[in-house]
Amino acid sequence: MDLLDWHRGRGLSSRRLAVLIKHLPRDSAVTRELEGEAADWNVTDYLLAHAVDHLAAANWMFVTVNSDEDADLPEPPVPVPRPGDGQRQEEGDGAPSAEPVVPDPVTLGRFFS
C-alpha cells in the first residue's frame, strides 16, 4: 500500500487511512508516540498492579492494627508505578504531589471493629 495514493487522491480515502491508523498494532511507532509507555500495558497488567496494591495495603493494615502500641510501625506501601505516573507529575496537571494521609492504628482499629 502506498500512502502517497491518499495524497494523490487515488485509491485511498481519508476514511480508509484513518481506519488503518486506528487499528495499528500496539507495538507500532504511531501507537508508542501517542500513548508512550502505556502502549506496553494492557488491561491485565493494570488489573494485576491494582491487585498487588490492594494486597500490600491490606497486609499493611493488618500489621498496623495487630501491632502493639509501642511497636515500630511499618511504612505504608508504595503503589506499583504505572505508565505515565512520572510524566503527569512533571507536567503538573493537577495530580496531587503531597504525601497521602496515613491513618494511625487507633483509627484503623475503630474502622475495622
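The values are calculated or read from the model by the stated rules, or taken from the named source; none is laboratory data. On a predicted model such as this, the values are computed, not experimentally measured, just so you know. Cβ sites come from the backbone with ideal geometry, for glycine too, and all protein chains shown count toward neighbours.
List of remarks:
- Any hit, the range 44-61, residues being within 22 Å of the chain's Cα centre (by Cα), over 26 Å from Leu108 (Cβ atoms), modelled with pLDDT of 80 or more and not in a helix (DSSP H, G or I): no
- For the range 77-92, taking the residues that are over 15 Å from Ala38 (Cβ atoms) and either of a type in the set (A, V, I, L, M) or exposed (fewer than 10 other Cβ atoms within 10 Å of the Cβ) (or both), the one that is modelled with the highest pLDDT is identified as Val78.
- Yes/no for Asp2 being of a type in the set (D, E, K, R) and at pLDDT 85 or above: no
- Boolean, Glu99 is loosely packed, with under 11 Cβ neighbours inside 10 Å and at pLDDT below 80: yes
- Only residues that are among the aliphatic types (A, V, I, L, M) and either in contact with a helix residue (DSSP H, G or I) (Cβ under 8 Å, 6 or more places away or on another chain) or more than 30 Å from Pro83 (Cα to Cα) (or both) were counted across the range 1-55, and they come to 9.
- Cβ pairs under 8 Å, 6+ apart, first in the range 53-73 and without any contact (Cβ under 8 Å) to a residue 12 or more places away in the chain, second surrounded by 12 or more Cβ atoms within 10 Å (Cβ to Cβ) and part of a helix (DSSP H, G or I): none
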